[in-house]
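Only one structure is covered here, and it is reproduced in the block below.
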Amino acid sequence: MKVAADKVLRRSSRGKPVRALYRYLAAHGHLVGGPEGISPDVRSDLRHLMPEAPDYFGKDLEDSLAGFQAAFGLKQTGELDEPTKKLIQTPRCGVPDRLRPETLAFGEAGGGAEFVARCGWDQRVLRYFVAAPHPSLPPGEHERIFTANLAKWQAVANIQFQPGDASAEIQSRLFDFQDGCGGTLAYSYFPCDGSPAGHCYFDLGECFSAEPVTPAGQMDFESVCLHELGHALGLDHDPNNPQAVMYPFFEFGEQRRTLQAGDIAGVRSLYP
């Protein structure tokens with residue numbers, strides 16, 4: 001979701017950009033006293049989440065925005081200043097940043113690396129299935145990258161993957177987030193989310209690339225896919241390390257194809 005504003009939004013501001021900011025923070029789990037986010041069946045229209053989202057910038061929005069800024073290492077102004085607006089307008093994973101301590105397991109990987117784990121699968125052999133390839137990728141590339149990324153996670157944790165069918169635990173599917181290139185890139189379900197646990201939904205309208213060097217204006221599918229599989233295995237977002245696979249924001253042309261210390265420690269905490 002993109003929050004546009006020609007000037008800094010702060011206490012007492014009014015208008016549609018304020019309403020859009022409310023919805024963005026609510027969708028991604030940062031609205032104080034609000035929900036922890038929403039799932040793909042309603043993400044195409046955030047009015048389902050907050051049909052009467054306020055258009056007035058009050059203290060609740062100021063506190064929520066300051067919390068978002070704190071989570072991602074920005075100056076806690078409580079205003080939609082330029083650095084905050086730049087981050088909010090950066091393409092990202094649609095999974096909410098569930099940073100509430102009572103629902104997560106935090107840990108350190110040594111050397112200052114951190115991870116956030118939510119839940120894991122009970123079994124150690126999981127089946128995978130690619131329901132449909134993304135139309136922006138060359139034939140065969142979607143499944144090749146999907147399976148290669150599973151191998152990356154398997155190489156560092158006590159878990160194995162084998163091909164399956166439409167009943168498989170780990171699945172790749174498509175969903176139209178209706179925001180074109182950028183915006184919401186994908187959304188995945190954790191193992192403890194019930195049906196459809198383990199399903200990864202990639203934005204049908206995204207400009208994905210499978211090139212060795214990702215062109216400007218395109219999004220590296222391998223990086224986004226590796227991230228989403230982390231969710232399907234039970235890892236949550238890492239808000240502290242922009243180099244981590246589990247960091248939620250992605251720049252056009254950026255590649256994060258290698259698991260970092262926090263990513264590895266997190267998946268090992270779930271599958272020792």
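The values are calculated or read from the model by the stated rules, or taken from the named source; none is laboratory data. Predicted, not measured: the structure shown is a model, and the values here were computed from it. Because the Cβ atoms are built from the backbone with ideal geometry, glycine has one as well, and the counts that use them run over all protein chains shown.
Is it the case that SER167 is crowded, with 18+ Cβ neighbours inside 10 Å and of a type outside the set (D, E, K, R)? Before you say what the answer is, go through the steps one by one.
Details: crowded, with 18+ Cβ neighbours inside 10 Å: no; of a type outside the set (D, E, K, R): yes.
Answer is no for this residue.
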### Task
Among the residues of segment 232-252, count how many are closer than 13 Å to ASN149 by Cα and surrounded by fewer than 24 Cβ atoms within 10 Å (Cβ to Cβ).
0
### Task
Could you list all residues from segment 73-84 that are under 26 Å from CYS225 (Cα atoms) and crowded, with 19+ Cβ neighbours inside 10 Å?
THR84
### Query
Out of curiosity, is SER136 surrounded by 20 or more Cβ atoms within 10 Å (Cβ to Cβ) and part of a loop (DSSP other than H, G, I, E, B)?
yes
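I need the full set of residues from segment 139-157 which are out of contact with any helix residue (DSSP H, G or I) (no Cβ under 8 Å at 6 or more places or on another chain), over 16 Å from ALA210 (Cα atoms) and outside any helix (DSSP H, G or I), in order please.
Filtering segment 139-157 for residues out of contact with any helix residue (DSSP H, G or I) (no Cβ under 8 Å at 6 or more places or on another chain) gives 139-140, 143-144, 147, 151, 154-155.
Applying the additional criterion that residues be over 16 Å from ALA210 (Cα atoms) yields 151, 154-155.
Once the filter is applied, which keeps residues that are out of contact with any helix residue (DSSP H, G or I) (no Cβ under 8 Å at 6 or more places or on another chain), over 16 Å from ALA210 (Cα atoms) and outside any helix (DSSP H, G or I), segment 139-157 yields only ALA155.
Is it true that some residue in segment 220-232 is farther than 22 Å from VAL267 by Cα and within 17 Å of the chain's Cα centre (by Cα)? Let's see the steps before the verdict.
Step one: list which residues in segment 220-232 are farther than 22 Å from VAL267 by Cα, which gives 220.
Narrowing further to those that are within 17 Å of the chain's Cα centre (by Cα): 220.
Yes, because at least one residue in segment 220-232 is farther than 22 Å from VAL267 by Cα and within 17 Å of the chain's Cα centre (by Cα).
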## Note on the structure
Restricted to segment 170-205 and to residues being under 16 Å from the mean Cα position of the chain (by Cα) and in a helix (DSSP H, G or I), the residue surrounded by the fewest Cβ atoms within 10 Å (Cβ to Cβ) is ASP193
### Query
Limited to segment 216-233, what total is found for residues that are among the small types (Gly, Ala, Ser), at pLDDT 95 or above and touching a Cys at 6+ places or on another chain (Cβ under 8 Å)?
1
### Query
In the list GLY58, GLY107, GLY15, which residue meets the criterion of being at pLDDT below 55 and surrounded by fewer than 20 Cβ atoms within 10 Å (Cβ to Cβ)?
GLY107
